[in-house]
Amino acid sequence: MEKTTMIFCVRTISLSERRCPAVIPSPPMSLTNWCKRLLGQGEIRFVCGQPGCDVEWPYDEVWKMALLTPEEMENFERKMFSRAAKEYLDVKSCPGCKCSAVRSDVNNLRVCCVICTAKTNVAFSFCWQCLEEWKGPSPYPYRCANEGCISKTQEILNTCHDITFKDVKGVSGCPSVRACPTCGLLVEHNKIRCKYIVCLQCKVKFCFVCLKCYEECLDEDRSFYFCCASGVAPRQTTIPVRQRK
């Protein structure tokens, strides 16, 4: 018979303790596979696999209970860092030295690469949008002077057709694509059920119609299936950027 260990729901108790009544008999490999599945879905957190429980598992307990090998730990940590950097830091590569860069001012497309500048003793800046060496005046929040420097995300927001909801009443002139008001990820509504959606990237719930957060919108009109009290938010002309804490 295969030897098993106990994977605990951490809503009530730590993974490594043995007193919680809510347990799932499972070999360590099952926990490893579950965590690999979460990483494969683009998650950077390990959460309980029990239905209805979304409590996060501390990574130090995951690798202990899953009996991860050094190679598996390195692989897990590399993927976690890569996805966390992309989600929270908005990391891109400098076109000059190919090193990773982070903007100090998220509202300015012109980024100075300190590595290229130090190597050549000449200030080197590139455009965060087209990833070419910067041309034109600065600061400039929408584009540089390079030909073809345009935000594809903004172009989608400008040209997408209006949505026709099947279940939400009284809404007209609402774009079919929205940028999440918290992180800027482009999202679409499936046209059915209520007007609220959850961003797949930042997990924030907001109203697709007025673009206010769920709590604020619901507090204003107490309606899931009718147009908001504040009306339909116009097409977005800028892409929201998640503010770093």
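Bear in mind these aren't lab numbers, they're just calculated from the coordinates by the rules spelled out. Bear in mind the structure is a predicted one, so any value in this text is a computation, not a measurement. Because the Cβ atoms are built from the backbone with ideal geometry, glycine has one as well, and the counts that use them run over all protein chains shown.
Amide H contacts of residue 186 (H built 1.01 Å from N, in plane; Pro and chain starts excluded): 180 sit under 5 Å, all sequence-distant by 5 or more or on other chains.
Taken about its Cα centre, segment 90-150 carries a charge dipole of about 100 debye when Lys and Arg each add +1 at the Cβ and Asp and Glu each add -1 at the Cβ. Is any residue of segment 88-129 close enough, with backbone N under 13 Å, to a label point placed 7 angstrom from the Cα of residue 56 along the Cα-Cβ axis, and if so, which? Residues 88 fall inside that zone. In terms of its alpha-carbon gyration tensor, segment 152-221 comes out oblate; a/c meets the 1.5 threshold, while b/c is at least as large as a/b. Given R0 = 25 Å, the distance between the Cβ atoms of residue 145 and residue 100 translates into a calculated FRET efficiency of 0.50. Each label point was placed 7 Å from the Cα along the Cα-to-Cβ direction; for residue 91 and residue 153 their separation is 1.8 nm. Charged neighbours of residue 111, selected by a Cβ distance under 13 Å, balance to -1 (K, R count +1; D, E count -1). Near residue 47, the amide H atoms lying under 5 Å from its own belong to 57; only residues 5 or more places off or on other chains count, and H is placed 1.01 Å from N. State whether segment 35-167 is rounded, prolate or oblate according to the following rule on the C-alpha gyration tensor (a ≥ b ≥ c being the square roots of its eigenvalues): a/c under 1.5 gives rounded; otherwise a/b larger than b/c gives prolate, and the remaining case gives oblate. It is oblate, given that a/c is not under 1.5 and a/b is not larger than b/c.
What is the calculated FRET efficiency for residue 221 to residue 78, with r their C-beta to C-beta distance and R₀ = 45 Å, to the nearest 0.05?
The pair residue 221/residue 78 has a calculated efficiency of 0.45.
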